[in-house]
Amino acid sequence: MSTPLLERFIGEARELLQGSASALLVLEKLPDDEAAINDLFRSVHTLKGSSGLFDFPALTKLVHAGEDVLCVVRTGQLPMTSQLVDMLLDALDQVGSWIDDIEAAGALRAGA
């Protein structure tokens with residue numbers, strides 16, 4: 001079942017995912033780019049907060065884990081490496097797949 005709030009979430013989630021992926025591509029080349037790190041963090045933080053409005057615990061948990069990693073990167077305790085960029089891009093791909101499921105069925109697929 002789709003609601004106007006869910007439809008808005010889906011659209012905004014896609015925009016946040018696109019912005020996050022763009023920031024990660026910058027960070028792949030410039031791992032210390034503070035503006036890109038902050039942009040990425042804000043997008044993930046917003047996505048986490050928005051997903052919490054709905055009953056999608058797997059999605060919220062994954063995005064929350066990404067936010068936790070980015071907190072550590074922002075404080076300089078963890079460097080942004082190409083391996084970390086790849087892992088974060090994989091996480092974004094998973095979230096994007098789940099957004100597709102939500103748009104198609106109003107829910108995450110079984111096993112999420």
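Which whole number of Å³ per residue matches the convex hull of the alpha-carbon atoms in the chain?
Here the figure is 85 Å³ per residue.
Counting only helical runs of four or more DSSP H residues, what would the 222 nm mean residue ellipticity of the chain come to if each run contributes -39,500 (n - 2.57) and the total is spread over all its residues?
Helix-only estimate at 222 nm: -26500 deg cm²/dmol.
How tilted is helix 82-105 with respect to the longest principal axis of the chain? Cα atoms for both, answer in degrees (0 to 90, nearest 10).
The angle comes out near 10 degrees.
Carbon and sulfur: what percent of the chain's accessible surface (1.4 Å probe)?
Of all accessible area on the chain, carbon and sulfur atoms account for 56 percent.
Would you please give the FRET efficiency between Thr3 and Gln94, computed as 1/(1 + (r/R0)^6) with r the Cβ-Cβ distance and R0 = 30 Å, to the nearest 0.05?
After rounding, the FRET efficiency stands at 0.80.
What accessible area per residue comes out for the chain, rounded to a whole number of Å², with a 1.4 Å probe?
So the chain comes to 58 Å² accessible per residue, rounded to a whole number.
At a 10 angstrom cut-off on C-beta neighbours, averaged per residue, how do the peptides 101-112, 6-17 rank from highest to lowest?
Packing order, densest peptide first, comes out as 6-17, 101-112.
The values are calculated or read from the model by the stated rules, or taken from the named source; none is laboratory data. None of these values were measured; they are calculated from a predicted model. Cβ atoms come from the backbone with ideal geometry, glycine included; neighbour counts cover every protein chain shown. We work out accessible area using only protein heavy atoms, side chains counted, and drop any ligands, DNA or RNA first. Shrake-Rupley method; radii C 1.70, N 1.55, O 1.52, S 1.80 Å.
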